[in-house]
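Asks: For reference, the structure I am asking about is given below.
The values are calculated or read from the model by the stated rules, or taken from the named source; none is laboratory data. Note that the coordinates shown come from a computational prediction; the quantities given were computed from them, not determined experimentally. Note that we place each Cβ from the backbone using ideal geometry, even for glycine, and neighbour counts take in every protein chain shown. To get the accessible areas, we keep the full protein, side chains included, count just its heavy atoms, and leave off ligands, DNA and RNA. Shrake-Rupley method; radii C 1.70, N 1.55, O 1.52, S 1.80 Å.
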Amino acid sequence: MSFSALFPHLLGFRLLSSQEENTCLVLTCERVTRTAVCPVCRTSAHRIHSRYERTVKDLSVQNRQVILRLHVRKFYCDQPTCPRQIFAERLPHVTSSHGRYTFGLRLFLGHLGREHGGASGVHSANLLGIQVTARAILRFMHTLRLPPIVAPRVIGLDEWAWKRRQRYGALVVDLERNKPIALLADRSKPTIVHWLKEHPTIQIVARDRSKEFAAAITEALPEASHVADRWHLAKNLTEHLDKVVSARWKQLAKAGSQAETSPQPVSPSKSSRRPRQAPGEARYQQMLALQQTGLSTRTIAKRLGVTQRTIQHWLAQEHGPHAGTRKPRRSPLDWSARYLQKRWEAGERNGTVLWEELKTQGYTGSSRSVASRVWLHGGVIHGSQMCPLRRDQPLARLSKG
């Protein structure tokens, strides 16, 4: 297959060499035409002034970036009245003046940016071996011609923000084709009226609750129907329900409490389930239901928002999480309970004295802990009212108050 068949846009060039540099395929080509047209006076010139090399990026081949090194020329313009005496020959089928990308690559990157955007387009281009920036993709996308607008019949009109809470424009969407067809610079009434008058085929306009939009549509298209879009319809319904529920909250709460109350009194002899245990039992039953459907413990744990080990623990214990009273914590003074009881009955009421006696037996805690333990023990025996105890204050004096 010939070189011109593989690269038809390089018609008029001759391939001098091809080589690989890093991950790129570099093609060195030379211009073979004898004449060139002056870009100013359009006169054909044949006298060569000099030669230079241009580097242009082309579409990739087998995920390899193609780099074109083109040997082009400068010519003398022989027209005496032409202000341009020397000019560089143009490459109308390859690239523009001072261009660094071929027309084919520009078109591809422009459509890539339209489908994926700037950052995502760069990632997709890199997978094809094309090295490009997000700004270049957006620049090529903006040069693409917009498709012709089909006469709209049903449109949606809403605002969009240039800068939030400061500057807003208007967005027009063709709801039948689900495509935006216009971005207006502002949301003022004259701007919207001017655009709507240019499209008299519009019959239905879905809009928000803006009075300015309503006035503009009525002035430009008096026969068009105004429709609330789904989002604003749901918003209106939510606000109305909120007002109704807020106004009748007491009646709704009273009716709910009456519905939850059992009509038959519960016998006190029967054991009633703890109220805090009911949610845990419900989660346990939900876990059993999910297990019967054949789901794994890992999937069940994700759905219930717990760890996989928690699910395994529930299955092993055959019950859900229990929210009953916790077991009392062990204290370093548990071993000295009998000794403190004995000293209390012997008439010792000073916490500091008892603390020093326990230190000789190996206790390493504080005197406040000993005083609190002795005071709690004495309060249980004598029915005294519990109160804070200083470290070196006798207990007998406190028990009188």
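Asks: Which residue is least open to solvent (accessible area, probe 1.4 Å), if the candidates are limited to segment 55-99 and must be hydroxyl-bearing (Ser, Thr, Tyr) and under 26 Å from Leu109 (Cβ atoms)?
Replies: Residue satisfying both the conditions and the ranking: Thr95.
Asks: Mind counting the residues in segment 5-14 that are under 21 Å from Arg73 (Cα atoms) and either open to solvent by 70 Å² or more (accessible area, probe 1.4 Å) or under 48 Å from the mean Cα position of the chain (by Cα) (or both)?
Replies: 6
Asks: Here is a follow-up. Filter segment 31-54 down to the residues that are surrounded by 12 or more Cβ atoms within 10 Å (Cβ to Cβ), part of a strand (DSSP E or B) and more than 51 Å from the chain's Cα centre (by Cα) and list them by number.
Replies: Residues satisfying the conditions are Arg31, Ala36, Val37, Ser44, Ala45, Ile48, His49.
Asks: On the given criteria, is Gln79 touching a residue at least 60 places away in the same chain (Cβ under 8 Å) and touching a Cys at 6+ places or on another chain (Cβ under 9 Å)?
Replies: In short, no.
Asks: Is segment 157-168 home to any residue that is loosely packed, with under 12 Cβ neighbours inside 10 Å, out of contact with any Pro (no Cβ under 8 Å at 6 or more places or on another chain) and in contact (Cβ under 8 Å) with a residue 24 or more places away in the chain?
Replies: No, segment 157-168 has no match at all.
Asks: Moving to a separate point now. If you take the residues in segment 360-396 that are among the basic types (Lys, Arg) and within 19 Å of Arg330 (Cα to Cα), which one is modelled with the highest pLDDT?
Replies: Among those residues, the one meeting the criterion is Arg368.
Asks: I'd like to verify a number: residues in segment 209-244 that are within 15 Å of Val154 (Cα to Cα) and within 32 Å of the chain's Cα centre (by Cα), how many?
Replies: Here the count works out to 4.
Asks: What are the residues in segment 98-135 that are polar (S, T, N, Q) and touching a residue at least 40 places away in the same chain (Cβ under 8 Å), if any?
Replies: Within segment 98-135, Thr102, Gln131 meet the criteria.
Asks: Still on this model: Is one or more of the residues making up segment 132-153 on the phi > 0 side of the Ramachandran plot and buried (at least 17 other Cβ atoms within 10 Å of the Cβ)?
Replies: Looking for residues that are on the phi > 0 side of the Ramachandran plot and buried (at least 17 other Cβ atoms within 10 Å of the Cβ), one finds none in segment 132-153, hence no.
Asks: Does any residue of segment 187-204 turn out to be closer than 22 Å to Ser60 by Cα, at pLDDT 90 or above and either polar (S, T, N, Q) or open to solvent by 60 Å² or more (accessible area, probe 1.4 Å) (or both)?
Replies: For segment 187-204, residues closer than 22 Å to Ser60 by Cα, at pLDDT 90 or above and either polar (S, T, N, Q) or open to solvent by 60 Å² or more (accessible area, probe 1.4 Å) (or both): absent.
Asks: Here's another thing I want to ask about it. Is it true that Glu239 is at pLDDT 85 or above, within 24 Å of Asp186 (Cα to Cα) and not small (Gly, Ala, Ser)?
Replies: Spelling it out, it is not the case that Glu239 is at pLDDT 85 or above, within 24 Å of Asp186 (Cα to Cα) and not small (Gly, Ala, Ser).
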